[in-house]
Amino acid sequence: MRNQCVAHRGFSGIAPENTMAAVKLAMEQQGVHWIEVDVQLSKDGVPLLIHDFTLNRTTSGRGPVKDKTWAELQELDAGSWKSKAYAGERLLSLSDFLDAIAGRLRANIEIKTEGDLYTGLEEKVISAVKRRHLEQEVVLTSFEPRVLAKIRELGRGIRTGLIIDHYPKDLLLRMQLLRCNFLSIHYRALTAELADKAFKRGIEVMAWTMDEVRTLRKVAALHPAILLCTNRPDIWREAILNWRKCHDEQIDR
């Protein structure tokens, strides 16, 4: 299928991001083959899904994620901020997430860290992936080259991907030096030339994050293999899947 859909933090346009509710809703959508999530560590070393370094925005808690044990984090409400319908939704462990998507979705897992914030995060994520034999089903991504180098060293067989929000002239050289075969790039920085060069070098490209029909179609037109990351898989379906069907029907007439 051309321009596959990547559900950003699950179906986060409707359900609370990085929760099981958002994951399950994404899996129910036609055409969703990928999901993107963020992983951090609890105080006692449990990998969990959450984007922000603090709990303030998406939970009933306050303060840094790293200062709470997993038991304390499980007590928080991670759904009410989004909608009353999701009141009581809990934070999701990486282990439960991987068990839920195994054999159903491929995953782009962003390693959320900076500096020495989470010692051992990479090892724990790699271990969780390998324990389930999902090496071919996931890609581990980061903004930080040192994180990607560490994953390459420890997680042989697991793909790595650089996240970037601009297009430096030496981007593909950076990718080569990092031995990354996945590029996660802001859609405004992506060009047809970059996409073509990347795919010819065996680098898969994902553009983030688009929730409008016009934008999704514009980026899809750059290259048929670009993965499209969106908070709204239903909008992707309207923009890409239904558009392709109409196009094919017109050709058949």
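The values are calculated or read from the model by the stated rules, or taken from the named source; none is laboratory data. Predicted model, so just to flag it, every value in this text is computed and none were measured. Cβ placement follows ideal geometry from the backbone for every residue including glycine, while neighbour counts extend to all protein chains displayed. For accessibility, only protein heavy atoms count, side chains too; no ligands or nucleic acids. Shrake-Rupley method; radii C 1.70, N 1.55, O 1.52, S 1.80 Å.
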Checklist outcome for this item: Checked segment 62-126 with the C-alpha gyration tensor, a ≥ b ≥ c its square-rooted eigenvalues, rounded below a/c of 1.5, otherwise prolate if a/b is larger than b/c and oblate if not; verdict oblate
Checklist entry - So, in nm, how far is label E72 from label A189 when the simple model puts each one 7 Å beyond its Cα toward the Cβ? => result 3.5
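Please compare each pair in K43/K124; K24/K84; K24/K130 to a cut-off of 20 Å on the Cα-Cα distance and tell me which ones are over it. Please report the intermediate quantities before stating the final value.
Numbers: K43/K124 13 Å; K24/K84 18 Å; K24/K130 23 Å.
Those over the limit are K24/K130.
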Next on the checklist: From the phi angles alone, apply the Karplus equation (6.51, -1.76, 1.60; θ = phi - 60°) to segment 179-190 and give each ³J(HN,Hα) in whole Hz, x where the residue is Gly or Pro.
Outcome noted: 6, 8, 10, 8, 10, 10, 10, 4, 4, 6, 8, 8
Next on the checklist: For the full complex of protein chains and a 1.4 angstrom probe, list T58, T119 by accessible area with the highest value first.
Outcome noted: T119, T58
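For segment 11-75, which trypsin sites (Lys or Arg not before Pro) pass both filters: DSSP loop (anything but H, G, I, E, B) and at most 13 other C-beta atoms within 10 Å?
Values: sites: K24, K43, R57, R62, K66, K68; in loops: K43, R57, R62, K68.
Within segment 11-75, the qualifying trypsin sites (Lys or Arg not before Pro) (loop, at most 13 other Cβ atoms within 10 Å) are R57, R62.
Given the pairs K68/K112; K150/K197; K112/K150, which span a C-alpha to C-alpha distance of over 19 angstrom in this model?
Numbers: K68/K112 16 Å; K150/K197 26 Å; K112/K150 14 Å.
As for pairs spanning more than 19 Å Cα to Cα, those are K150/K197.
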Next on the checklist: Which log10 I(q)/I(0) values does the chain give at q = 0.15, 0.16 Å⁻¹ under the Debye formula, counting every alpha carbon as one identical point scatterer?
Outcome noted: -1.07, -1.20
Next on the checklist: Under the rule of at least 5 residues apart or a separate chain, name every residue whose amide H is placed under 5 Å from the amide H of T141.
Outcome noted: I109, E110, I111, G161
Checklist entry - In segment 134-174, which GluC sites (Glu not before Pro) are in a loop and have at most 15 other Cβ atoms within 10 Å, using DSSP for the loop call? => result E135
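Could you work out the equivalent-ellipsoid semi-axes for segment 70-213, taking the square root of 5 times each eigenvalue of the Cα gyration tensor, largest first, in whole Å?
Numbers: eigenvalues 162, 80, 45 Å².
Semi-axes (√(5λ), whole Å): 28, 20, 15.
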Checklist entry - At a 1.4 Å probe, what is the % contribution of carbon and sulfur to the accessible area of segment 128-199? => result 51
Checklist outcome for this item: So the angle from the long Cα axis of helix 121-131 to the longest Cα principal axis of the chain, reported in degrees to the nearest 10, equals 70
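Compute, for the chain, the length of the dipole vector about the Cα centre, with Cβ point charges of +1 (Lys, Arg) and -1 (Asp, Glu) only. Units Debye, rounded to 20.
Numbers: 38 positive and 34 negative charges, 111 e Å.
My answer is approximately 540 debye.
For segment 188-237, which semi-axes, largest first and in whole Å, follow from the square roots of 5 times the eigenvalues of its Cα gyration tensor? Show your work: numbers first, answer last.
Values: eigenvalues 80, 20, 14 Å².
The equivalent ellipsoid of segment 188-237 has semi-axes of 20, 10, 8 Å.
Under 1.5 on a/c is rounded, so check that first for segment 1-142, then, if it is not, pick prolate when a/b is larger than b/c and oblate when it is not; a ≥ b ≥ c are the square roots of the alpha carbon gyration tensor eigenvalues. Walk me through the numbers before you get to the answer.
Values: a/c = 1.87, a/b = 1.14, b/c = 1.64.
Since a/c reaches 1.5 but b/c is at least a/b, the shape of segment 1-142 is classed as oblate.
How much accessible area per residue does the chain have, in Å², with a 1.4 Å probe? Each step should come with its number before you reach the end.
Working: 11900 Å² over 253 residues.
Ligands and nucleic acids excluded, the figure is 47 Å² per residue.
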